[in-house]
Amino acid sequence: MTFKAYLENIEAKTGKSPADFKRMASEKGFLTAGKLRPDIKAGVVLEWLRQDFGLGRGHAMAIVTWLKGQKKEDDS
């Protein structure tokens, strides 16, 4: 599955776009300069995404990767 497909599946499941997740992560204080803060561990974000959106580890890790700026929305 491509990275883009992961994000599309997440949006279909949650109704939230990648931009929505970035906004919410920023509101939670997880971001600095538009990327995941280095002191925020993936596990914290994974737990938030599991609790609030029912995302499994694979889909949640796609959001973490995107928040870190390691992939773009349109990466295949």
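The string of couplings for the range 46-54 from the Karplus curve (6.51, -1.76, 1.60, θ = phi - 60°) is 4, 5, 4, 5, 5, 5, 8, 10, x Hz, one whole number per residue in order, with x for Gly and Pro. Select from Glu27, Glu11, Glu47 the residue whose mean-square fluctuation is largest in a Gaussian network model of the chain (Cα-Cα springs shorter than 10 Å). Among Glu27, Glu11, Glu47, the largest GNM mean-square fluctuation belongs to Glu27. Its DSSP H runs of at least 4 residues, each contributing -39,500 (n - 2.57), put the calculated 222 nm mean residue ellipticity of the chain at -18000 deg cm²/dmol, to the nearest 500.
Measuring nothing but alpha carbons in the range 3-67 and taking Rh as the Kirkwood radius, the Rg to Rh ratio lands at 0.92.
Quick note: the coordinates plus some simple rules give every number you see, no bench work behind them. Please read these numbers as outputs of a predicted model, since none were measured by experiment.
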